[in-house]
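Asks: One structure follows; several queries about it will come next.
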């Protein structure tokens, strides 16, 4: 009789084409993964994988079984999800993927209350800047910022992140304050290598919802980690667009200066995703609802206190000017 667990292990190895990656996704040692695949090959009497030093290559039999395994594992997972849905409390291990910056600034605030509310759920949190295939790597839910190209995933919107063009007081003292958006060409601009595709990166600015202005970033400093960009701006290395959940407190305390406050940068959508083939298990459903409550309640990434403060100051300033003028 074929061991169902061996089929699940083979499906991960076939999807990731790597024993080590499959072990990471399944939470088991590489040696165990190898034994499961070898046992499956023995039970079936065929060679499924040609092993090499760095990766694996599926045989013709392996390719045929891979397609069937994806459907088998999907049906088994759905059956498990439906069965566990009758449980009073969500339980099990929940694998969550998010960007490093969002994890440090938002999930660090929201996960403690989630774990306290659902003590029977164990969380495995994967923070990374690299692209992740949540289906292939066995991720239950992922939080994505910006464009969502993968149609295999179901997405729930969580709001948006506001970005701000920032520089440190030390940088502005050394290099001067840009008097206009065009003047940014004379400054050190910091961008992410995520956009290093040969196409000029453009910062889009908007005023009053109508007037627009764009600036083609010269990319004088490229960095592959958003957190490092934030640190570089704090230390006076240059000017960059930073998400509000990072730079908001620094702008309020004066550690960073928001440039061109009359001009707004486009906000970026935040979504929580899960694979449509898995359905919405109780643990996934609990986490999705928890993040929706966090978005509506704490406003950790949707709130825009900087813009509101700027508006209020501008509004009060203009109102006082009108009062003084009428008084004269």
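Asks: Filter the range 104-157 for residues that are within 14 Å of residue 291 (Cβ to Cβ), under 14 Å from the mean Cα position of the chain (by Cα) and exposed (fewer than 14 other Cβ atoms within 10 Å of the Cβ) and give the result.
Replies: Matches in the range 104-157: 108, 125, 157.
Asks: Given (1) at pLDDT below 85; (2) outside any helix (DSSP H, G or I), identify the lone condition not met by residue 83.
Replies: Failing condition for residue 83: (2).
Asks: Within the range 102-120, identify whether any single residue is assigned to a strand (DSSP E or B), at pLDDT 85 or above and touching a strand residue (DSSP E or B) at 6+ places or on another chain (Cβ under 8 Å), and answer yes or no.
Replies: Start the filter on the range 102-120 by keeping residues that are assigned to a strand (DSSP E or B), which leaves none.
No, because not a single residue in the range 102-120 is assigned to a strand (DSSP E or B), at pLDDT 85 or above and touching a strand residue (DSSP E or B) at 6+ places or on another chain (Cβ under 8 Å).
Asks: Within the range 163-198, take every residue that is at pLDDT below 90 and part of a loop (DSSP other than H, G, I, E, B) and give me the one that is surrounded by the most Cβ atoms within 10 Å (Cβ to Cβ).
Replies: Per the stated criteria, the residue is 196.
Asks: Within the range 1-27, can you find the residues that are over 24 Å from the mean Cα position of the chain (by Cα), crowded, with 22+ Cβ neighbours inside 10 Å and over 16 Å from residue 61 (Cβ atoms)?
Replies: Listed by number, the residues that qualify are 9, 19.
Asks: Would you point out which residue out of 324, 258, 231 is at negative phi, loosely packed, with under 15 Cβ neighbours inside 10 Å and modelled with pLDDT of 85 or more?
Replies: Numbers: 324 fails: modelled with pLDDT of 85 or more; 258 fails: loosely packed, with under 15 Cβ neighbours inside 10 Å.
After ruling out the rest, the residue left standing is 231.
The values are calculated or read from the model by the stated rules, or taken from the named source; none is laboratory data. Owing to the predicted nature of the structure, the values given are computational and were not obtained by experimental measurement. Neighbour counts are summed over all protein chains in view; Cβ atoms, including those assigned to glycine, are modelled from backbone coordinates with ideal geometry.
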